[in-house]
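Throughout, read-outs are computed from the coordinates displayed, never taken from laboratory work. All values reported here derive from a predicted model rather than from experimental measurement. Here the Cβ is made from the backbone with ideal geometry for all residues, glycine too, and neighbour counts use every protein chain on show.
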Amino acid sequence: MILVTGGAGYIGSHTLLRLMDAGHEPVTVDNLCYGHREAVLDGHFVHADLGDQQALGTLFESFPIEAVVHFAAFCYVGESVTSPDKYFNNNLVNGLNLLNVMLKAGVDKIIFSSSCAVYGEPQEIPIPETHPKNPINPYGLSKHFFEQILAAYNAAYGLKYVSLRYFNAAGADPKGGLGESHHPETHLIPLVLQTALGHRDEVRIFGSSYPTPDGTCVRDYVHVCDLAEAHVLALSYLLSGAESICLNLGTGSGYSVREVIELCQQICQKPIPHRDVEPRPGDPPELVASGDLARQVLKWNPHYSLEEIISTAWNWYQDPKF
Ligand code: UFG
């Protein structure tokens with residue numbers, strides 16, 4: 001069985017579905033602080049916090065866990081700047097607690113949700129995994145530190161890990177059962193589509209004088225189902241006895257904020273009000289992955305286009321289930 005922490009969250013819930021399809025038997029643990037119980041469409045569910053050693057110990061005693069897929073974490077970059085304690089406590093202290101309980105139970109394989117935020121301001125595009133790690137906010141630091149902890153536990157205790165550095169996760173399950181539901185929402189594509197639906201007045205474009213073709217920030221948007229697939233492949237990789245590794249998960253193609261809004265308008269077939277405002281502090285002009293290593297090592301091939309990312313998300317927002 002596979003333990004999925006944070007399986008009630010956005011990427012976790014989509015990965016649960018793929019794990020089930022691939023024949024795995026997942027157990028979700030989630031404190032439902034941001035996650036949705038309705039997003040856990042199948043498998044066992046345990047309502048617990050990763051800080052609760054006793055609950056975690058019982059969980060590992062109750063289920064024959066082979067490996068862990070660890071999503072549970074806080075992920076608001078802005079909030080991490082104003083409340084670093086919250087981020088270090090949850091993303092680091094609770095994560096460390098999980099590792100220690102795992103080792104005690106004899107479980108030595110983990111897939112970790114990392115982020116392109118570990119790189120900070122990119123010095124080259126596309127960004128390879130070997131790029132210097134200079135996170136510029138506590139969220140990115142928490143992901144970078146945890147990768148360092150994993151490396152130390154690998155060296156000392158033989159813990160094997162795959163750290164997956166997501167670029168911009170977006171889109172929704174094409175069958176319509178799952179999608180993105182963050183409260184508060186800060187991500188571009190959901191905000192643009194919620195504006196199209198009239199739930200928000202306008203989209204604010206954060207910065208229009210960046211050194212990019214149209215002056216707005218460029219990002220590498222990757223479909224959540226492509227991310228889910230990468231976790232299943234990473235799990236097979238670890239279960240085959242392979243060595244620990246850190247991998248970027250991006251498509252290698254970048255799109256600007258204006259291009260995203262334009263495509264959303266085409267897909268929704270309506271004008272979406274937007275205006276240029278000041279840049280958001282800490283936003284690098286361009287973040288695009290070099291995805292070669294994940295393709296080579298995991299044979300991962302993201303296949304959803306930006307158009308499919310937006311149309312699956314659009315289907316979801318018109319009839320969200322939670
Ligand atoms: N943006 C706007 N207006 C908005 C929201 C976003 O113009 O209302 C812009 C941002 O400035 C950025 C782009 O749209 O250029 C994408 O922004 P998101 O907030 O959707 O995503 P980020 O690139 O900021 O964040 C992503 C992940 C984080 C990760 C970060 C690393 O969601 O988890 O990349 O920098 F930490």
*asked:* Apply the Karplus curve 6.51 cos²θ - 1.76 cosθ + 1.60, θ = phi - 60°, to the phi angles in region 18-35 and return the couplings in whole Hz, x for Gly and Pro.
replied: 5, 5, 4, 4, 7, x, 7, 10, x, 10, 9, 10, 8, 8, 6, 5, 10, x
_Sorted peptide list for 46-57, 266-277, 66-77, criterion being average Cβ within 10 angstrom, highest first_ = 66-77, 46-57, 266-277
*Where does the charge balance sit around Gly179 when Lys and Arg score +1, Asp and Glu -1, over other residues with C-beta under 10 Å from its C-beta?*
-2
*Expressed as a rounded percentage, what relative contact order does the chain have, with Cα pairs under 8 Å and six or more residues apart?*
20 percent
*Pairwise label distance in nanometres, Glu308 with Lys270, each label 7 Å out on the Cα-Cβ vector*: 2.7 nm
_Estimated FRET transfer efficiency when R0 is 30 angstrom, pair Gln54-Gln148 (beta carbons, to 0.05)_ = 0.65
*Using alpha-carbon coordinates, inclination of helix 257-268 to the longest axis of the chain, degrees*: 80 degrees
_Neighbour counts of other C-beta atoms within 10 Å: give me Thr28, Thr251, Thr186 arranged from fewest to most._
Thr186, Thr251, Thr28
*Return the long-range amide H neighbours of Lys109 (sequence gap of 5 or more, or a different chain), with a cut-off of under 5 Å between placed amide H atoms.*
Val68, Lys160
*Rounded to whole Hz and in sequence order, give me ³J(HN,Hα) for region 48-53 from the Karplus expression 6.51 cos²θ - 1.76 cosθ + 1.60, θ = phi - 60°, writing x for Gly and Pro.*
7, 9, 5, x, 8, 4
*Within 10 Å, count the other beta carbons around each residue, average over each peptide in 281-294, 134-147, and list them highest first.*
134-147, 281-294
*For the pairs Lys109/Lys321; Lys160/Lys299; Lys86/Lys299, note any where the Cα-Cα span goes beyond 31 Å.*
Lys109/Lys321; Lys86/Lys299
_Over the chain: helical MRE at 222 nm, DSSP H runs n ≥ 4 each giving -39500 (n - 2.57), nearest 500_ = -11000 deg cm²/dmol
*How long is the gain from Glu243 to Met20 if the chain were fully straight, where each residue apart is worth 0.36 nm and the alpha carbon distance is subtracted?*
77.8 nm
_For Ile127, distant residues with modelled amide H under 5 Å away_ = Val288, Ala289, Ser290
*Please tell me the relative contact order of region 232-322 in percent, rounded to the nearest whole number, where contacts are Cα pairs under 8 Å and at least six residues apart.*
43 percent
*Excluding Ile267 itself, calculate the net charge of residues whose Cβ lies under 12 Å from the Cβ of Ile267, where each Lys or Arg counts +1 and each Asp or Glu counts -1.*
-2
